[in-house]
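Single-structure report; data block below.
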Amino acid sequence: MRAISIVDFPWQGDNLFRRACFVSAGLISVLMFCIMLSLIFGAWPAMEKFGLSFFTSTEWNPVTEEFGALNALYGTVVSSVIAVMLALPIGLGVAIFLSELCPAAISKPLFIAIELLAAVPSIIYGMWGLFVFAPWFADGFQIWASDNLSEIPVIGTLFSGPPMGVGLLTSGIILAFMILPILTSLIKEALSTVPKVLREATYGIGATQFEVIVKVLLPAIKGPIFGALILALGRALGETMAITFVIGGAQSIDTSLFMPATSISASIANQFNEATGDMHISALIGLGLVLFMITFMVMGTARVLLRRKAK
Amino acid sequence: MKNLLKGALFGCAIVCSTSAFADTVINGAGATFPYPVYAKWAEQYNKETGVKLNYQAIGSGGGIKQIVAKTVDFGASDAPLNKEALDKDGLVQFPAVMGSIVAVVNLPGLKAGELKLSGELLADIYLGKVKSWDDAAIAELNSGVKLPKTPIYTVHRSDGSGTTYNFTDYLSRVSGDWKSSTGVGKEVAWPKEANQLGGKGNAGVANFVKRTKGAIGYVEFAYAKTNGLAYTQLKNKDGKFVLPTMGAFQAAAANADWANAPGFKLILNDQPGAESWPMTAATFILMHKEQANEATAKEVLKFFEWSYANGDDLAAELEYIPMPDNVVKMVETMWHNDIKADGKAVY
């Protein structure tokens, strides 16, 4: 008896494979759709009751069951933007150093160290942020800043307020640490795709190393940098445990970056366990829906922009 | 093939024999606040009887949900349910152990127990009406204590919690303004007039108070003690200033009127008595009236019977307050009357 092999039916093997892939890919879309549906379903009572004011109201009162997402939305966006703004220059610097300037002997261990940052669980960042970083930050930078920077017009208000150590700015800094590995490794990857000839040619016409990096390499990887930035932003927006520890847990919007605030993920993490009443739970799921939509929009915009750049 | 079969049979035999000797396990879930004492009790109880308690500290809300869904043998909640809610789901509730909440402050040079506060003043501080430590209202109660001109930072729990429920309940009892503006809840909209700061868990609050000059917070007594925080005296219902001591907590518990509390729904805040500490709270166990499995129900009740009888020292070690004997008697009578399997009393 001869074993039946797939060679006997080549068309079927191909077909099966194609189908299996199709099903796998389809499953992702179905899963996404289901998550969105269940979020909408769960958030419906709150959406029905508060309508558009759910997105514009700063009222968050479980006792009277008045819920608005604006506080949390503000905290989420501002802390993530701070994180990206801080992490970008550092990530760029590290990536350039690793791929262009650093001797090969150090480059590898250094890169592994950076990658290991990504392996640290986020709750560790949270605890480190709360117990180590925040006190140090309060006594150092915050006191100095409120003495020296708070008088400056316009940006002064950002740095005023009591030195409590936790708050929006602290969250942004902790987040910056967390998104650094992804930014660095993506930018480094992009740098390595720039053809060697390009550098050699530039050196050949007498350019300095600085000129090569700034005038040739960076423009060449503008697109990937932007892509990396958006991916990092997506990571920052959804981060939960670290933020929950260091953002200060206050349902308010303040002009000062030193003041405690809350984020969408922190509100959910803090309140979901003990939420009583269907409206409270529904409002929390509503927050989840808002976060889902923001992340979706950020990633979507990134795709569109990247595609336009690629053309 | 034969060997494989033999191996499988042998494996089966091992599994079966171990499960025959396996410990009886009772499952509970709920409040985080009593978790340390339940764990201590369970450890000791397991040594003596071999019965294992599997308690998941998932929060009071989760405890209620799980017992209603019958996925656990008992649920635990810091905030008692009222009689209607209990009846709706066919549940009974009884207090297991008590704890106390203290106000803690961070004022340089001020030692534990030196500062005197009243409930109304505490409410005014959290409402943001009293903003500085040298405010006349604080000075009035504290002649002789040097109060700095430091702004007050009020620290609260950022996560929903039974501690917050009991704290806001106390403030609502002593301050009409608090009751009308903020109210009672495991999570409330903290008045924005005060410098609010939210810490995650008791540890988070303790940490913020410890670090922030001019901060005031509320934590369970054990956290104040282990963190070396300066707790305050509080004025009780009888107008006396008391220090947070085991005696003061027990006085509050003894003066509470459990006999007239339907479904044991009693919040121990602001109890009468010259020695009573004003912020004391029991934590509760929830069970179904109709038990599907008599044996398990019996094990659960036996565990709590043992804990009431033998767990006092273990509880006190962890700064919890054991239930007074008269309350235990009431609880055990309720068990006998209300918890049934197939129409027969389980206990």
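The values are calculated or read from the model by the stated rules, or taken from the named source; none is laboratory data. Just so we're clear, the structure is a prediction, and the values are computed from it rather than from any experiment. Glycine gets a Cβ as well: all are built from the backbone with ideal geometry, and neighbour counts include every protein chain shown. To get the accessible areas, we keep the full protein, side chains included, count just its heavy atoms, and leave off ligands, DNA and RNA. Shrake-Rupley method; radii C 1.70, N 1.55, O 1.52, S 1.80 Å.
Across peptide A:58-69, the average count of Cβ atoms from other chains found within 10 Å of a residue's Cβ is 3.
Nearest 5 is fine: what % of DSSP beta bridges in the protein assembly as shown come out antiparallel, could you say? Bridges in the protein assembly as shown that DSSP calls antiparallel: roughly 55 percent. When only the Cβ of Lys, Arg, Asp and Glu is charged (+1, +1, -1, -1), the dipole of the stretch B:211-260 relative to its Cα centre reaches about 300 debye.
Within the stretch A:143-188, the residues that become at least 50 Å² less accessible when every protein chain is included than when their own chain is isolated (1.4 Å probe; DNA, RNA and ligands ignored) are A:164.
When Cβ neighbours within 10 Å are restricted to other protein chains, what is their mean count per residue of peptide B:57-65? Mind dumping the intermediate values first?
On the way: counts 1, 2, 4, 3, 9, 4, 2, 2, 0.
That works out to 3 on average.
With a/c under 1.5 counting as rounded, go ahead and sort the protein assembly as shown into rounded, prolate or oblate using the C-alpha gyration tensor (a ≥ b ≥ c being the square roots of the eigenvalues; past the cut-off, prolate if a/b is larger than b/c, else oblate). Oblate, since a/c reaches 1.5 and b/c is not below a/b.
Counting only alpha carbon atoms, the long axis of helix B:325-338 and the longest principal axis of chain B meet at about 40°.
Here the accessible area is traced with a 1.4 Å probe on the protein chains. For the protein assembly as shown, carbon and sulfur cover 63 percent of it.
Using the Cβ-Cβ distance between residue B:145 and residue A:106 with R0 = 60 Å, the FRET efficiency computed as 1/(1 + (r/R0)^6) comes to roughly 0.55. Backbone phi angles across the stretch A:129-137, fed through the Karplus curve with coefficients 6.51, -1.76 and 1.60 (θ = phi - 60°), yield HN-Hα couplings of x, 6, 8, 10, 6, 4, x, 5, 5 Hz in residue order; Gly and Pro are listed as x. For chain A, complete DSSP H runs whose alpha carbons reach 27 Å or more along their own long axis and whose mean Kyte-Doolittle score is 1.0 or higher are A:70-96, A:168-193, A:278-310. Between helix B:201-211 and chain B, what is the angle of the helix's C-alpha long axis to the longest principal axis, kept within 0 to 90° and rounded to the nearest 10? Helix B:201-211 and the main axis of chain B meet at about 30 degrees.
Close amide H partners of residue B:53, meaning residues 5 or more places away or on another chain with modelled amide H under 5 Å apart, are B:26. Compared with the alpha-carbon gap, the fully stretched path from residue B:243 to residue B:316 is longer by 24.6 nm at 0.36 nm per residue. Placing pseudo-labels 7 Å out from each Cα toward the beta carbon at residue A:32 and residue A:19 gives an inter-label distance of 2.5 nm. Here the dipole of the stretch A:70-310 is about 1060 debye; that uses its Cα centre as origin and unit charges on the Cβ of Lys and Arg (positive) and Asp and Glu (negative). Placing unit charges on the Cβ atoms only, positive for Lys and Arg and negative for Asp and Glu, gives the protein assembly as shown a dipole magnitude near 2260 debye about its Cα centre. Look at the dipole of chain A built from charges on Cβ: of A:290, A:117, A:103, the Cα furthest out on the positive end belongs to A:103.
Placing a label point 7 Å from the Cα of residue B:69 along the Cα-to-Cβ line, the residues of the stretch A:262-283 whose backbone N sits under 16 Å from it are A:272-278, A:281-282. Close amide H contacts of residue B:321 (hydrogens built in the peptide plane, cut-off under 5 Å, sequence separation of 5 or more or a different chain): B:98, B:99. When a/c reaches 1.5 or more, the comparison of a/b and b/c decides; with that in mind, is chain A rounded, prolate or oblate per its Cα gyration tensor? Verdict is oblate for chain A. Scalar couplings 3J(HN,Hα) for the stretch B:298-306, obtained by applying the Karplus form with A = 6.51, B = -1.76, C = 1.60 to θ = phi - 60°, are 4, 4, 4, 5, 5, 4, 6, 4, 4 Hz; x denotes Gly and Pro. Solvent-accessible area per residue in chain B equals 42 Å², computed with a 1.4 angstrom probe and all protein chains kept. Each of A:236, A:15, A:161 was scored by the projection of its Cα onto the charge dipole of chain A, and the greatest displacement toward the positive side belongs to A:15; charges sit on the C-beta of Lys, Arg, Asp and Glu.
Could you report the buried accessible area between B and A, both sides summed, computed with a 1.4 Å probe and given in Å² to the nearest 100? List each step's numbers first, then the result.
Working: alone 15740 and 17400 Å², together 30910 Å².
Accessible area lost upon association: around 2200 Å².
Highest mean first, the peptides A:127-133, A:105-111 sorted by other C-beta atoms within 10 Å per residue fall in the order A:127-133, A:105-111. Mean partner shielding of peptide A:79-89, defined as the number of other chain Cβ atoms within 10 Å of each residue Cβ, is 0. Amide hydrogen proximity for residue B:117: with H placed 1.01 Å from N in the peptide plane, the residues at 5 or more positions away or on another chain lying under 5 Å are B:233, B:234, B:235. Whole angstrom only: what separates the Cα centroid of the stretch A:133-205 from the Cα centroid of the stretch A:31-66? Centre-to-centre (Cα) distance: 34 Å. Modelled label positions at residue A:124 and residue A:220, each set 7 Å beyond Cα in the direction of Cβ, lie 3.6 nm from each other.
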